[in-house]
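Visitor: One structure, as structure tokens, below. Some questions next.
The values are calculated or read from the model by the stated rules, or taken from the named source; none is laboratory data. Given the structure is predicted, the values throughout are model-derived calculations rather than measurements. Heads up, the Cβs are rebuilt from the backbone with ideal geometry, glycines too, and the neighbour counts pull from every protein chain shown. Surface accessibility is based on the protein's heavy atoms, side chains included, excluding ligands, DNA and RNA. Shrake-Rupley method; radii C 1.70, N 1.55, O 1.52, S 1.80 Å.
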Amino acid sequence: MAHWFHRNPLKATANVSFNLYGIAGSPAANKICNDLRTTRARLLEMFTDVTCTPEIMKNATDAYFSLLQGFIASLDGTTQENKLRFIQNFKWTDTLQGNAASAQQDAVFELVSMGFNVALWHTKYASRLAGKENVTEDEAKIVHKSLKIAAGIFKHLKDIHIPRLITPAEKGRDLEPRVIDAYIVQCQAEAQEVTIARAIELKHNANLIAALAFETANFYQRADHTLNTLDPDYSSKWRKYLQLKQLFYMAYAYCYHGQTLLASDKCGEAIRSLQEAERCYSRAEALCKEYRQTKGPGTTAKPSEQLFFLKLGGLIKNTLEKCQRENGFIYFHKVPAEAPSLELKASYGLAEPITFEFPSVSDLCTPEVYATFDLTKGAKDDKAKAKQDEEVKPLKEPDLKPQKDTGCTIS
């Protein structure tokens, strides 16, 4: 499998002690606080542990989120807000904004911020696995599934939990609609890249491959357009990636559409389609250079030197030459001035987000224990007064540079 994916940095966060001295009025209440501290620290460690698997990540997330739900869900049988929701301060950076953090004294802010990082981890796990040499079919399926899981988490946060925040997300921050929508659509597009690679490997119908490539290009274009009103200082590099991928898959679509036209004895139109594929490919190549030279958050790579990129260039060249030879010997068709209109719709292979839900409240968080938390006996966390622009130490992420591509495909 020959894939390369752009990745923005993980969100970083300040340490949270959950030291609710005086408020936690029973051993069981203190245990919940202690377990929240340890499970949170464990989950943060997993984000940068290269040995972490989706199964390990799920166990770590369930352990923390089930306890955190005890600060969010109603535990007293009423419809009133959980009295513990606003007792602890949380501080998080954003994937595009460097080390400047946002702080909210709201457990829902913690839920969506940590959930966002879990989704990012799944995208990074998929990227790391897809960058391996000799990726197996089973590993390709994991890449595909991980990207759809990430899309599902982002979508769940956007639809259900982010609207619950008392303080809306600021412009350009991870939790605002433009940014999270771009992540959702990018995950779907990248999952479809895996589908396209599989279809090519199994020599599926050229029309199906062209349609999948066209749909994937449209996904990348949607994601790019979603970001077009963000500050270019922090969105340009990400947008260059989305733009070059859009052109790359348009080149794929025109290339395979040309093969379909040739098989239908429409050689002149096939030549024009391949010429358009060449044009899209050249524009994508230029954007690869711009991507490398653009400063901003995210990984650094030379996509135009990766084999997945070079192979498409060779395929377009060889297919075009074949069409031109056939036209010179057999068809003698006039080549149209206008490129063919791609009105392709994929019937199979489109990637949809996998439905996600947070775990239910931990069994430790009973109404009886909840009643022993007494807000009248302690002050709220002093850290609530921390400055909004205070820097948070970034996570030390493992090196995710693309490995040398041997040209292996899904077997």
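Visitor: What's the extension gain from Leu395 to Ser17 if we count 0.36 nm per residue and subtract their Cα-Cα distance?
Guide: So the extension gain works out to 134.3 nm.
Visitor: What's the ranking of 245-253, 97-105 by average number of surrounding C-beta atoms within 10 Å, highest first?
Guide: Packing proxy ranking, top to bottom: 245-253, 97-105.
Visitor: Shifting gears a bit: Taking only protein heavy atoms into account and a 1.4 Å probe, give the accessible area per residue of the chain in Å².
Guide: For the chain, the solvent-accessible area averages 45 Å² per residue.
Visitor: With just the Cα atoms defining each centre, how far is region 56-74 from region 167-205? Give it in Å.
Guide: Result: 26 Å between the Cα centres.
Visitor: Counting other C-beta atoms within 10 Å, and keeping those with at most 13, which DSSP coil GluC sites (Glu not before Pro) do you find in region 113-169?
Guide: Sparse-neighbourhood loop GluC sites (Glu not before Pro): Glu133.
Visitor: For the chain, what is the mean residue ellipticity at 222 nm derived from helices alone (per DSSP H run of n ≥ 4: -39500 (n - 2.57); sum divided by total residues; nearest 500 deg cm²/dmol)?
Guide: -17500 deg cm²/dmol
Visitor: Determine how many Å³ per residue the convex hull of the Cα atoms of region 134-183 encloses.
Guide: With only Cα atoms used, region 134-183 gives 74 Å³ per residue.
Visitor: Relative to the longest principal axis of the chain, what angle (0 to 90°, nearest 10) does the C-alpha long axis of helix 27-47 take?
Guide: 20 degrees
Visitor: Can you tell which of Ser113, Ala169, Ala197 lies farthest toward the positive end of the dipole of region 106-243, using +1 and -1 charges on the Cβ of basic and acidic side chains (Lys, Arg; Asp, Glu)?
Guide: Comparing the listed Cα positions along the dipole, Ala197 ranks first.
Visitor: Using protein chains only and a probe of 1.4 angstrom, how many square angstrom of Phe358 are accessible, to the nearest 10?
Guide: Accessible area of Phe358: about 20 Å².
Visitor: A further question follows. Nothing charged except the Cβ atoms of Lys and Arg (+1) and of Asp and Glu (-1): what's the magnitude of the dipole of the chain about its Cα centre? Round to the nearest 20 debye.
Guide: Dipole of the chain, to the nearest 20 debye: 740 debye.
Visitor: If you don't mind, there's one more thing I want to ask. Pairs Lys289/Lys311; Lys295/Lys317; Lys91/Lys302; Lys141/Lys317; Lys155/Lys240; Lys311/Lys334: which are spaced more than 27 Å apart, C-alpha to C-alpha?
Guide: Lys295/Lys317; Lys91/Lys302; Lys141/Lys317; Lys311/Lys334
Visitor: Starting from 0.36 nm per residue, how many nanometres of slack lie between Asn59 and Lys289 once their C-alpha separation is accounted for?
Guide: Between Asn59 and Lys289, full extension yields an extra 78.7 nm.
Visitor: Projected onto the charge dipole of the chain (+1 at Lys/Arg Cβ, -1 at Asp/Glu Cβ, origin at the Cα centre), which of Ser102, His333, Leu147 gives the Cα projection farthest towards the positive end?
Guide: After comparing all options, I get His333.
Visitor: Between Ile160 and Thr376, how high is the FRET efficiency from 1/(1 + (r/R0)^6) when r is the Cβ-Cβ distance and R₀ = 35 Å? Nearest 0.05.
Guide: With R0 = 35 Å, the Cβ-Cβ based efficiency is 0.65.
Visitor: A further question on this structure: Could you run the Karplus curve 6.51 cos²θ - 1.76 cosθ + 1.60 with θ = phi - 60° over region 356-361 and give me ³J(HN,Hα) per residue in whole Hz, x for Gly and Pro?
Guide: 10, 9, 6, x, 6, 4
Visitor: Ranked from highest to lowest mean number of other Cβ atoms within 10 Å per residue, what is the order of the peptides 123-129, 221-227?
Guide: Top to bottom by mean Cβ count within 10 Å: 123-129, 221-227.
Visitor: Could you give the angle, 0 to 90 degrees to the nearest 10, between helix 107-130's Cα long axis and the longest principal axis of the Cα atoms of the chain?
Guide: 30 degrees
Visitor: Compute the acute angle (0 to 90°) between the alpha-carbon long axis of helix 267-293 and the principal axis of greatest extent of the alpha-carbon atoms of the chain; round to the nearest 10°.
Guide: 40 degrees
Visitor: Please list 359-370, 278-289 highest first by mean number of surrounding beta-carbon atoms within 10 Å per residue.
Guide: Ranked from most to least packed, the peptides come out as 278-289, 359-370.
Visitor: While we're here: About the Cα centre, and with charges only on the beta carbon of Lys, Arg (+1) and Asp, Glu (-1), how big is the dipole of region 11-125? Nearest 20 debye, please.
Guide: Roughly 140 debye, rounded to the nearest 20.
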